[in-house]
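Notes to accompany the following structure.
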Amino acid sequence: MVDPVTNPSRTGDIAEHYVVTWLWDTGYEVFMNAGCSGPIDIVAVKDGQATLVDVKSYASNGVGLPKRSDLQKELGVVYAHFNPKTRKCRWVKHIK
């Protein structure tokens, strides 16, 4: 059996699904990337505003999160953080 807390592929899949339900709970319409690569995992739409989201999963407090790529910065992609131990989601504040 695959341990979702230690298997990176499974943790990423779980993270995306938790973020989708978290976004639904906060009033977003959610559209997931059909592929497994690219700068965006999810397009979330609320009040006519689209938010481009890349999901990151870390068991820590988020310190040391990877930096957005130049393309992600250009597109305005934001990170949604999922903690696999607590099952909590949050937005990551980016430094310009």
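Among the residues of the range 9-36, write down those that are among the basic types (Lys, Arg) and under 16 Å from ASP54 (Cβ atoms).
none
With a cut-off of at least 1 residues that are closer than 14 Å to TRP91 by Cβ, of a type outside the set (Asp, Glu) and modelled with pLDDT of 85 or more, name the strands (runs of 3 or more DSSP E) lying wholly within the range 1-65.
42-46, 49-57
Give the number of residues within the range 20-62 that are charged (D, E, K, R) and surrounded by 13 or more Cβ atoms within 10 Å (Cβ to Cβ).
The total comes to 4.
The values are calculated or read from the model by the stated rules, or taken from the named source; none is laboratory data. Keep in mind it's a predicted model, so treat the numbers as computed, not measured. So basically every Cβ, Gly included, is an ideal-geometry build from the backbone, and we count neighbours across all protein chains shown.
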